[in-house]
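The values are calculated or read from the model by the stated rules, or taken from the named source; none is laboratory data. Please read all numbers here as calculations on a predicted model, not as lab measurements. Positions of Cβ are generated from backbone atoms using ideal geometry, with glycine treated the same way; all protein chains shown enter the neighbour counts. We work out accessible area using only protein heavy atoms, side chains counted, and drop any ligands, DNA or RNA first. Shrake-Rupley method; radii C 1.70, N 1.55, O 1.52, S 1.80 Å.
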Amino acid sequence: MNQELPKLRPLSLHWVNWQGEEVLSIQDPLRLGEGYFMVPRPIAPMLAILDGTRNADALRTGFLLRTGIQLDSSQVDAFIESLDDAFLLDNQRFQGAIAKVMDNYHAGPFRPSSLAGNSYPSNGDELREAFDDYCSNANADAGGQVLKDGDAGSKRIAGLISPHIDYNRGWRTYAETWQLAHKAVEDAELIILLGTDHSGSPGRLTLTRQDYATPWGQLPTDTSLVDGLVEILGEDGAFQEEVHHIGEHSVELASVWLHYFAGGKPKRMLPILCGVDEILVENGTETNGVLQDALSFLADVVAEQNTLVVAAGDLSHVGPAFSDSLPLDLAGKARIRTSDEEWLEVACTGSSGRLAEHMRSQGDATRICGASPIRYMLAILPETRGEVVAYDQCPADEQFGSLVSIAGVLFTE
């Protein structure tokens, strides 16, 4: 073993059916290892006690107390070594891998697409054809009254909520939302793109000076605005978790739609990853003065130039795939929709304060992963009102007993 007190890194864990067996799939958002790491259900409780406080003997004892299963030392050592080989432990070996990854990232001319060629075509012409199909098949006319009835001249879209789920499941919601924001994208001098950082620290805004690339070229990052935020956040605060930009999909999947409706032109962008909202942390409150100062800075930026603010965030994550005990039936899915609608109704008031109060009072029983970018977007926008233009519930397992809900919302001045 490479360390005496092994500690598991923050990772994405989902129950899946693999070769007829229920296993816990560990997905590394930093993509340091190869593929997924599968843990059989009987062994999964071991992960909960890999907190950096137990040696191998204490892990065996803790596992026995939790499961009644007696493991020998060689089994525990082999399991820990396999986690270490996949860079899933927070240790010196992992830190060395991160340093090498960041050197390569900063040496490159841009932040390369991490999902191109897998989740979507890497060829620009093929991707444009796919998006053309999405848009022609989506019912954008069902998207509400935001740009209907002659309102286009009097209402300017200042912000939008976009999904960040994969296109295979979320294409219709993406298309219905972004089509209505087409003119706003074209007219904007700047796009502030706030994305969920699925492994980010609470209250953290994480920056990068690298441009984001899509199959159509680069979306130049406004480094002068990055520098302005660094003066508030500090170098360490702004870049300590910059490695998350490499594999995090939230900003990337929204930026591709942005670039599509910008006609492939190099639209100026400020990409920001948002860690867990502090309000959702146990006993959490809005006490992060540095965060508030950063949001005030961005509010001033929005006031000074034609800016479109995008919050790339999905909604609820519910069901056995997310460690809930029972699968959702039709009634359960209807309850999730009602809960989502109540949450979105508060967000559509345009008040970050009202949304904060709702989040404090209701908690996060359905795991809304887009909470922080959405609330921060409201904080930096001028007075706006939102309208939900698309909503969907996407399967998160083969039986559709688990779901991820998504929405498209446009905010107009």
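Couple of notes before you dig in:
- Any hit, the stretch 147-157, residues being modelled with pLDDT of 95 or more and among the hydroxyl-bearing types (Ser, Thr, Tyr): no
For (1) open to solvent by less than 50 Å² (accessible area, probe 1.4 Å); (2) touching a Lys or Arg at 6+ places or on another chain (Cβ under 9 Å); (3) hydrophobic (A, V, I, L, M, F, W, C), each residue gets a yes or a no:
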{"position": "ASP84", "(1), (2), (3)": "yes, yes, no"}
{"position": "ALA97", "(1), (2), (3)": "yes, no, yes"}
{"position": "ALA107", "(1), (2), (3)": "no, no, yes"}
{"position": "SER113", "(1), (2), (3)": "yes, no, no"}
{"position": "SER119", "(1), (2), (3)": "yes, no, no"}
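- Within the stretch 146-166, residues that are open to solvent by 60 Å² or more (accessible area, probe 1.4 Å) reach partners that are modelled with pLDDT of 95 or more and assigned to a loop (DSSP other than H, G, I, E, B) with beta carbons closer than 9 Å, at six or more positions or on different chains, in the pairs LEU147/ALA181; ARG156/ASN306.
- In the stretch 346-362, the residues that are within 16 Å of THR384 (Cα to Cα) and either out of contact with any helix residue (DSSP H, G or I) (no Cβ under 9 Å at 6 or more places or on another chain) or aliphatic (A, V, I, L, M) (or both): VAL346, ALA347, CYS348, LEU355
- Restricting attention to the stretch 189-206, the residues that are surrounded by 24 or more Cβ atoms within 10 Å (Cβ to Cβ) and more than 16 Å from GLY247 (Cβ to Cβ) add up to 4.
- You will find that of ALA97, ALA78, the residue that is part of a helix (DSSP H, G or I), touching a Phe, Trp or Tyr at 6+ places or on another chain (Cβ under 7 Å) and either among the small types (Gly, Ala, Ser) or farther than 22 Å from ALA48 by Cβ (or both) is ALA97 and no other.
- Single residue of ASP293, ASP314 found to be crowded, with 19+ Cβ neighbours inside 10 Å, more than 25 Å from ASP187 (Cα to Cα) and modelled with pLDDT of 95 or more: ASP314
- Every residue from the stretch 296-309 that is open to solvent by 40 Å² or more (accessible area, probe 1.4 Å) and of a type outside the set (Asp, Glu): SER296, PHE297, ALA303, GLN305, ASN306
- In this structure, ARG60 does not satisfy being among the basic types (Lys, Arg), out of contact with any strand residue (DSSP E or B) (no Cβ under 6 Å at 6 or more places or on another chain) and either touching a residue at least 40 places away in the same chain (Cβ under 8 Å) or open to solvent by 80 Å² or more (accessible area, probe 1.4 Å) (or both).
- Across the stretch 66-75, not a single residue is classified as in contact with an Asp or Glu (Cβ under 9 Å, 6 or more places away or on another chain) and surrounded by 14 or more Cβ atoms within 10 Å (Cβ to Cβ).
- Of the residues making up the stretch 233-271, those that are open to solvent by 10 Å² or more (accessible area, probe 1.4 Å) and within 19 Å of ASN168 (Cβ to Cβ) are HIS249, TYR260.
- Candidate set: the stretch 357-377, residues that are of a type in the set (Lys, Arg) and out of contact with any His (no Cβ under 8 Å at 6 or more places or on another chain); chosen: the one least open to solvent (accessible area, probe 1.4 Å): ARG375
- Tallying residues that are over 21 Å from ALA238 (Cα atoms) and touching a residue at least 24 places away in the same chain (Cβ under 8 Å) within the stretch 264-276 yields 3.
- So LEU315, is it part of a loop (DSSP other than H, G, I, E, B) and either within 20 Å of the chain's Cα centre (by Cα) or within 20 Å of LEU381 (Cα to Cα) (or both): yes
- Any chance THR287 is modelled with pLDDT under 95, open to solvent by 20 Å² or more (accessible area, probe 1.4 Å) and polar (S, T, N, Q): yes
- Members of the stretch 20-75 that are out of contact with any helix residue (DSSP H, G or I) (no Cβ under 6 Å at 6 or more places or on another chain), of a type outside the set (S, T, N, Q) and in a helix (DSSP H, G or I): ARG41, PRO42, ILE43, LEU47, ALA48, ASP57, ALA58, GLY62, LEU64, LEU65
- When ASP90 is tested against (1) of a type outside the set (S, T, N, Q); (2) open to solvent by 20 Å² or more (accessible area, probe 1.4 Å); (3) under 22 Å from the mean Cα position of the chain (by Cα); (4) more than 20 Å from LEU59 (Cα to Cα), just one condition goes unmet, and that condition is (4).
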